[in-house]
Amino acid sequence: QHFGRLRREDHKGLREYAACQSQAFMEGVFAFITGTGAAFGLQLFIQRKFPYPLQWSLLVAVVAGSVASYGVTRVETEKCNNLWLFLETGQLPKDMSTGEKSLGVSGKWMPRLQCPGS
């Protein structure tokens, strides 16, 4: 059994999927940095009228950046999952009408991926 290892010859879309996931994670990191910076900048502007400690500004900024990062990464990862399914089956998730189904991140029904040997 090859539980955590996928062989390229068994999965023709593996390289594209890995590149897509890498891009999705990088977009998530970028969203975290820009979201945190934007939220912190906005709070510095607001802090002129309503003073409060800097630690709260940092906390709120990091939370806002994390939420932005999660949202971007989640959406982009779903796109990668759809790409993987398309490359493996030749069909988009909404076109598939047979097989075991599970609820996807966006609430769409999509087939469940199975590990080889399971």
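The values are calculated or read from the model by the stated rules, or taken from the named source; none is laboratory data. Not measured: the values here are computed from a predicted model. Glycine also receives a Cβ, built like all others from the backbone with ideal geometry; neighbour counts cover every protein chain displayed.
Just a few scattered comments:
- The stretch 49-89: number of residues that are part of a helix (DSSP H, G or I), more than 20 Å from the chain's Cα centre (by Cα) and exposed (fewer than 14 other Cβ atoms within 10 Å of the Cβ): 4
- For the stretch 15-48, residues that are of a type in the set (A, V, I, L, M, F, W, C) and under 16 Å from the mean Cα position of the chain (by Cα) total 11.
- Of residues in the stretch 90-105 being surrounded by 13 or more Cβ atoms within 10 Å (Cβ to Cβ) and modelled with pLDDT under 50, the one farthest from G71 (Cα to Cα): K101
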